[in-house]
Amino acid sequence: MPVTLEQVTEEVRELSRPDREQLLARLIRDLEPVENLSAAEIENVWDNEIARRLEEIDSGKVKAVPAEEVFARLQAKLDEAR
C-alpha cells in the first residue's frame, strides 16, 4: 500500500529541525533544474549574479532601498490587509 502525503508529513514533523531543513533543501534541489552543474559551477553562477547586481547599483541603473524602508512598506501593506 502506497504511503500518503499525510503520512509522510506526520513522519517528517517528527524529525529535528536541522533534519527537516536538510530534507527541504534536498526536495527543492530535486525540483529545480540545475542543468547538472557542479557545486563550483553553481557558485560561479551566483558570483556572476552578485557582480551583475553590484554593477547595476554602482552604475545607478537600480537604486538600493534601505531595509528599514522595505520593512515599513511591508508592514503598511499588512496593516491595510487587516
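Laboratory data are not the source of any read-out in this text; all were calculated from the coordinates shown. None of these values were measured; they are calculated from a predicted model. A quick note on method: Cβ atoms are made from the backbone with ideal geometry, for glycine too, and the neighbour counts reach across all protein chains shown.
What the table below lists for this structure:
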read-out: Close pairs (9 angstrom Cβ cut-off, 6 or more residues apart or separate chains): at negative phi in region 64-82, surrounded by 10 or more Cβ atoms within 10 Å (Cβ to Cβ) and part of a helix (DSSP H, G or I) anywhere; value: A64/I57; V65/R73
read-out: Tally of residues being of a type in the set (G, A, S) and surrounded by 10 or more Cβ atoms within 10 Å (Cβ to Cβ) across region 67-82; value: 2
read-out: Matching entry among L24, L31, L74, L78 (being more than 21 Å from the chain's Cα centre (by Cα) and under 30 Å from T9 (Cβ atoms)); value: L78
read-out: Subset tally (residues that are of a type in the set (D, E, K, R) and either touching a His at 6+ places or on another chain (Cβ under 7 Å) or not in a helix (DSSP H, G or I) (or both)) for region 29-45; value: 2
